[in-house]
């Protein structure tokens, strides 16, 4: 990838960053399976070249659709890769149809994410299915491929992750072992919303509506309603938490005018980004580099390893995906960051796959890595801001619309006026 080219107009700069970022998937996906590798670079105690990520693959499929639509990557090459990827998933380890967090890209066998996470991961599976359904919409002229994707979705037994005692959806589960005593239940506002929408829309194993309305939406950290810097935050933890909480859910699902009894989700996504922006401008900890052109806290690598950075967990690490994936919600605040990172800091931050994962000016540190879950949302966020492509494809799928209907959401995409 060529070095920094300064002075591009806004459109050309968006093109350049989006294409370079998507190269992580078009050029670094696993050559045998077609899945997205978890990361590039770094030493994290596992085989970087063989470890593939299910959720990151979902994000990567959306990014590659953008590349194909923009003419940066051949559509036929993506179709061939999708065919290979679906074949890999059909034979890979699943647990009641639920995929694990990590797989071996060569064998398709589960790679434990942690000592207690070697079975199904319902959240990563929802992210994977979101990307597959977007790809199915994009390749709707390939009915056999679409049918295979629909079978993978239909095979997901969302009910296998529902705890009967209270209806809670449990993040991780291995069907050969009993529930963990302190199993992680999905609750509060966070990135897990697609589990409920895709689970509720399932034609085979639909989640009960009470799991959403009586558990997810009733936890203490769901509703917020407080004001930060003059911005009212509808949902989520104090000061919003890391930005991925409101970015991952709305890659394939259009939050604009998406409303239920609890929030307007377009307002939620924008407010969360604005609170994050406000915190970085206030900069209460006095970190170097922060300002209108350099803001954005979310989960990423940092000088000490990996952390979920947020206003209440701010160690001075700026993650490019935070502001750039917010283009769909606050472009007036994201564009200055894009230009600053590229034109002013690009000599240090720009690499083969666009911007490196994170940097910490206070400690003169720049990551040497890229992560699938941070790369994909940049390309998708830019494209949804510019054309709405991924939202249009995602919201064309009946699985998503049926889930929205079943959970009593309102959206212009439900029964749209001709």
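The values are calculated or read from the model by the stated rules, or taken from the named source; none is laboratory data. All of these numbers come straight from a predicted model, not from anything done at the bench. As a convention, Cβ positions derive from the backbone with ideal geometry for all residues, glycine included, and neighbour counts pool all protein chains shown.
Quick notes on this structure:
- From the options 38, 49, 69, residue that is closer than 29 Å to residue 195 by Cα, surrounded by fewer than 15 Cβ atoms within 10 Å (Cβ to Cβ) and either in contact (Cβ under 8 Å) with a residue 24 or more places away in the chain or in contact with a strand residue (DSSP E or B) (Cβ under 9 Å, 6 or more places away or on another chain) (or both): 49
- Flag if residue 245 is at negative phi, surrounded by 24 or more Cβ atoms within 10 Å (Cβ to Cβ), at pLDDT 95 or above and not in a helix (DSSP H, G or I): no
- Looking across the stretch 277-323, the residues that are in a helix (DSSP H, G or I), closer than 21 Å to residue 229 by Cβ and under 16 Å from the mean Cα position of the chain (by Cα) come down to 322, 323.
- Filter result for residue 56 (touching a helix residue (DSSP H, G or I) at 6+ places or on another chain (Cβ under 6 Å), surrounded by 21 or more Cβ atoms within 10 Å (Cβ to Cβ) and in a loop (DSSP other than H, G, I, E, B)): no
- Any hit, the stretch 269-281, residues being surrounded by 22 or more Cβ atoms within 10 Å (Cβ to Cβ), over 21 Å from residue 221 (Cβ atoms), touching a residue at least 40 places away in the same chain (Cβ under 8 Å) and in contact with a helix residue (DSSP H, G or I) (Cβ under 6 Å, 6 or more places away or on another chain): yes
- Residue in the stretch 404-417 that is in a helix (DSSP H, G or I), touching a residue at least 24 places away in the same chain (Cβ under 8 Å) and within 12 Å of residue 134 (Cα to Cα) present: no
- Considering the stretch 72-84, the residues that are in contact with a helix residue (DSSP H, G or I) (Cβ under 7 Å, 6 or more places away or on another chain) and under 20 Å from residue 99 (Cβ atoms) include one that is surrounded by the fewest Cβ atoms within 10 Å (Cβ to Cβ), namely 83.
- Evaluation of residue 389 against the conditions (1) without any contact (Cβ under 8 Å) to a residue 60 or more places away in the chain; (2) within 19 Å of the chain's Cα centre (by Cα); (3) surrounded by fewer than 22 Cβ atoms within 10 Å (Cβ to Cβ) shows that the sole unmet condition is (1).
- Residues of the stretch 257-268 classified as out of contact with any strand residue (DSSP E or B) (no Cβ under 9 Å at 6 or more places or on another chain) and either part of a loop (DSSP other than H, G, I, E, B) or more than 17 Å from residue 217 (Cα to Cα) (or both), total: 1
- Among (1) without any contact (Cβ under 8 Å) to a residue 60 or more places away in the chain; (2) in contact with a strand residue (DSSP E or B) (Cβ under 7 Å, 6 or more places away or on another chain); (3) within 23 Å of residue 335 (Cα to Cα), the one test that residue 21 misses: (1)
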